[in-house]
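The values are calculated or read from the model by the stated rules, or taken from the named source; none is laboratory data. Just so it is clear, the structure is predicted and the values come from calculations on it, not from any experiment. Please note: Cβ atoms are built from the backbone with ideal geometry, for glycine as well, and neighbour counts cover all protein chains shown.
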C-alpha cells in the first residue's frame, strides 16, 4: 500500500509547553485526510505519555514511538 | 524612493510593531526615506480579553474598544480596508476593490478567528465568549440560567489557552454568589489527558477542581453537538448531556492567508520560531496568532514577538542585519475565580511555575485591562 511508504508530515513541537505536542497533533490531524502519517517531535514528557493514549482512544494508529537526546518522536496515522 | 513597510493587521501584534517601529525610525520617515503603513480591516481596535468579563456582565463592549487611529503614532499611515490577498511576486498587498499597496517589508499580523462552524451543531446549540456578540449572548443566557448541567468544551486550536480554566473558575464562583451552585452540575472537558496543556497548571488545577466539585473529562475533543437532544459528542466516543453548553471554539487563520496560498490547511503561516520570518521569504515577518508556531495564541505572545519584529525591521532599515531572536516568551494571568488570580511565564526553554493565587494578582490583572492601551501604543 502506498501509505506504508508515505513520508511523515513532521510536527515540530519541541519547546512547546503550551499548547504542546498532542494539541499540535490534534490541530493538524483534524484537517488532514484519513491515512495521513504524522511524526510529532516533542520535548514534553506529558505529550509523550498522552499521544499514544489519545491515539488509541480516538481510533487512530500509533505507528512508532522513540526517544533520543530528550526529544520524543511519535508517529501516528489518521484512521477515521 | 522610500522603503515601504506594511503592517497587515490592526490587533495587538500589528499595532505594537507599527508604533515601536515608528518611534525607532521616525527620523527616516520624516526624511521621506521610509514609509510605514498599517492596513486594518476595522476602524476600531478591540481589547479581546474583556470578552471573558462581558460574559459575567462585568464589562461592556465600549470599555474594550477605541478608534484604531487614536492608538497609532502619527508617523504611521492607516488604511482601513480588507486585504484580499498578498502578491509575493509583485510584493503588493491587494485590497478589496483592487487597490495595491506595495511593500519592501511586510508584517503579517492578521490574527485568528473563532470558527464554531467547524463543529456541526455548535452554532445552534452552544455559546462562546470569543466574540463580542457571543459574549453578550452568553451573558444573557447566564442571567437566565436557573440551574442544570453546564458543560465546557474546548476546540483545537484556540487562542488564550488559560481562558477555559478562567471561565470555569469564574463561573463556579458566580454560581455560588447567585445561590445556584447546588442546583448546577459543572463539567470541564479538555482535549488532552490532563486539565491544561501546561503541566504545572494542570497539576495545580486538579485539586482545585475537586475541592470545588467541578467534574472533569479529559481526552474530550468536541466532534458534534446535537442541539435537539442537548448532547455534545467527543471524538473519543464520550457523549455528555447539557443544559448550557459553553465552547472554546476551534480557531482558524484568516481568509486572506488562505486565499494568498501562504498558509497551511488551517491558515497558519509557516514561520521561523526565532527570526519570526515567514519560511522562505526574507521580506515577510509573521506576528502573533498568524504564525504556525507551536506556542500559545495569546496577546502576550503577539506583544513579545512584536518587540523582536520591530527591532529587526528598525535594524534592517538602518543598515543592520536584524538579528534579534524571539525566545518563545509568553506571560498569562489566570483568573482563579472572581477575586483571585495567578500568572504563568515561560519560554521555549523554561516551563512555567504558577504562583499561589492572590487578590493582589487579580487586581493587577484588572489594572492591566485598563493599562492595555499603553501596550498597544508600544509603551508598556
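Is at least one residue of segment A:55-66 more than 28 Å from residue B:298 (Cα to Cα), in contact with a helix residue (DSSP H, G or I) (Cβ under 8 Å, 6 or more places away or on another chain), buried (at least 19 other Cβ atoms within 10 Å of the Cβ) and within 13 Å of chain B (Cβ to nearest Cβ)?
Looking for residues that are more than 28 Å from residue B:298 (Cα to Cα), in contact with a helix residue (DSSP H, G or I) (Cβ under 8 Å, 6 or more places away or on another chain), buried (at least 19 other Cβ atoms within 10 Å of the Cβ) and within 13 Å of chain B (Cβ to nearest Cβ), one finds at least one in segment A:55-66, hence yes.
Just for segment B:353-380: of the residues that are under 19 Å from the mean Cα position of the chain (by Cα) and in a loop (DSSP other than H, G, I, E, B), which one is modelled with the highest pLDDT?
Only one residue tops the list, namely B:377.
If you go through segment B:126-145 one residue at a time, do you hit one that is surrounded by fewer than 18 Cβ atoms within 10 Å (Cβ to Cβ), under 17 Å from the mean Cα position of the chain (by Cα), away from chain A (no Cβ under 14 Å) and free of Cβ contacts under 8 Å to residues at least 12 places away in the same chain?
Checking segment B:126-145: at least one residue is surrounded by fewer than 18 Cβ atoms within 10 Å (Cβ to Cβ), under 17 Å from the mean Cα position of the chain (by Cα), away from chain A (no Cβ under 14 Å) and free of Cβ contacts under 8 Å to residues at least 12 places away in the same chain.
Could you name every one of the helices (runs of 4 or more DSSP H) located completely within segment B:4-118 that has at least 1 residues being surrounded by 16 or more Cβ atoms within 10 Å (Cβ to Cβ) and in contact with a helix residue (DSSP H, G or I) (Cβ under 6 Å, 6 or more places away or on another chain)? Don't jump to the end; show me each part of the working.
Numbers: elements: B:12-24, B:26-30, B:50-54, B:68-71.
Because the criterion is at least 1 residues that are surrounded by 16 or more Cβ atoms within 10 Å (Cβ to Cβ) and in contact with a helix residue (DSSP H, G or I) (Cβ under 6 Å, 6 or more places away or on another chain), the helices (runs of 4 or more DSSP H) in segment B:4-118 that meet it are B:12-24, B:50-54, B:68-71.
Pick from segment B:334-362 the residues that are without any contact (Cβ under 8 Å) to a residue 40 or more places away in the chain and within 12 Å of another protein chain (Cβ to nearest Cβ): which of them is surrounded by the most Cβ atoms within 10 Å (Cβ to Cβ)?
Going through the qualifying residues, I end up with B:347.
Just need a number here: residues in segment B:300-315 that are more than 30 Å from residue B:364 (Cα to Cα) and buried (at least 18 other Cβ atoms within 10 Å of the Cβ).
3
Just a yes or no: is a residue in segment B:281-298 surrounded by fewer than 17 Cβ atoms within 10 Å (Cβ to Cβ), within 28 Å of residue B:172 (Cβ to Cβ) and within 14 Å of chain A (Cβ to nearest Cβ)?
Checked segment B:281-298: no residue is surrounded by fewer than 17 Cβ atoms within 10 Å (Cβ to Cβ), within 28 Å of residue B:172 (Cβ to Cβ) and within 14 Å of chain A (Cβ to nearest Cβ).
Just the residues that are assigned to a helix (DSSP H, G or I), over 9 Å from the mean Cα position of the chain (by Cα), more than 16 Å from residue B:294 (Cβ to Cβ) and modelled with pLDDT of 95 or more, please, taken from segment A:24-55.
Those that are assigned to a helix (DSSP H, G or I), over 9 Å from the mean Cα position of the chain (by Cα), more than 16 Å from residue B:294 (Cβ to Cβ) and modelled with pLDDT of 95 or more: A:53, A:54.
Go through segment B:230-268 and give me each residue that's in contact (Cβ under 8 Å) with a residue 12 or more places away in the chain, away from every other protein chain (no Cβ under 12 Å) and farther than 20 Å from residue B:134 by Cβ.
B:240, B:241, B:256, B:257, B:259, B:260, B:262 - these are the residues of segment B:230-268 that are in contact (Cβ under 8 Å) with a residue 12 or more places away in the chain, away from every other protein chain (no Cβ under 12 Å) and farther than 20 Å from residue B:134 by Cβ.
Going by the structure shown, is residue B:135 assigned by TED's automatic domain parsing to the domain that holds residue B:226, assigned to a helix (DSSP H, G or I) and more than 15 Å from residue B:334 (Cβ to Cβ)? Spell out the reasoning first.
Values: assigned by TED's automatic domain parsing to the domain that holds residue B:226: yes; assigned to a helix (DSSP H, G or I): yes; more than 15 Å from residue B:334 (Cβ to Cβ): yes.
Spelling it out, residue B:135 is indeed assigned by TED's automatic domain parsing to the domain that holds residue B:226, assigned to a helix (DSSP H, G or I) and more than 15 Å from residue B:334 (Cβ to Cβ).
Based on this model, can you work out whether residue B:210 counts as free of Cβ contacts under 8 Å to residues at least 24 places away in the same chain, part of a helix (DSSP H, G or I) and not assigned by TED's automatic domain parsing to the domain that holds residue B:262?
On the way: free of Cβ contacts under 8 Å to residues at least 24 places away in the same chain: yes; part of a helix (DSSP H, G or I): yes; not assigned by TED's automatic domain parsing to the domain that holds residue B:262: yes.
Judged against the criteria, residue B:210 is a match.
How many residues does segment B:304-346 hold that are more than 14 Å from residue B:276 (Cβ to Cβ) and part of a loop (DSSP other than H, G, I, E, B)?
Result for segment B:304-346: 9.
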